[in-house]
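Undergrad: Starting off with a structure, shown below.
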Amino acid sequence: MIKENTAKLNKRTLPAEVRLAAKSAQDRQGEDILVLDLRELSAFTDFFVVMNGNSSRQNQSLMEGIEEDLKRKGLRPLGVEGRENAEWILMDYGYFLVHIFSLESRKHYSLEKLWGDAPSARY
């Protein structure tokens, strides 16, 4: 059984780049934006920024906007996967990953449940 997570992140204490990625998604009408703090749970990354869009075109627009906003701050992704069909776009920034889902894919993969022990912050 998944343990209910009661710990919450403080948005102001998140790294600036993670806040910028979430804010960029919010500005482009990304839906149900969630930041998961994986520092105590994972060795491969510190944060997930998870969201969904309403269409593959919106998902691509979210990706392009986040990439552009972070690039202005001198940060480029190490890799981007899934941009072709845009059902699940993964942007790898090393210590944080941005996941942009279609609503159906988000429900199917359910990262929030998989990483249910992680402290989280909603945008």
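Where a number appears in this text, it was derived from the coordinates with a stated rule and is not lab data. Computed from a prediction, not measured in an experiment: that's the story for all the values here. With ideal geometry, Cβ positions are generated from the backbone for all residues, glycine too; neighbour counts draw on all protein chains shown.
Undergrad: What is the chain's relative contact order, in percent, from Cα pairs under 8 angstrom and six or more apart in sequence?
TA: 35 percent
Undergrad: Place a point 7 Å from the Cα of Ser42 along the Cα-to-Cβ direction; which residues of the range 61-82 have their backbone N under 15 Å from it?
TA: 78-81
Undergrad: For mean projected area of the Cα convex hull in nm², which listed value, [x] 6.7; [y] 8.7; [z] 7.2, comes from the coordinates shown?
TA: Matching the structure shown: [z].
Undergrad: Going through the cross-link list Lys73/Lys113; Lys23/Lys73; Lys71/Lys113, which pairs have a Cα-Cα distance over 23 Å in this structure?
TA: Violating the 23 Å Cα-Cα cut-off are Lys73/Lys113; Lys71/Lys113.
Undergrad: Please figure out what share of the DSSP beta bridges in the range 1-110 is antiparallel and state it in percent, rounded to the nearest 5.
TA: In the range 1-110, approximately 65 percent of DSSP beta bridges are antiparallel ones.
Undergrad: Helix-derived [θ] at 222 nm for the chain: sum -39500 (n - 2.57) over DSSP H runs of at least 4, divide by residue count, nearest 500?
TA: The helix contribution divided over the chain gives -9500 deg cm²/dmol.
Undergrad: Go ahead and collect, in residue order, the members of the range 43-68 whose backbone nitrogen is under 20 Å from a label point 7 Å along the Cα-Cβ direction of Asp32.
TA: 48-63
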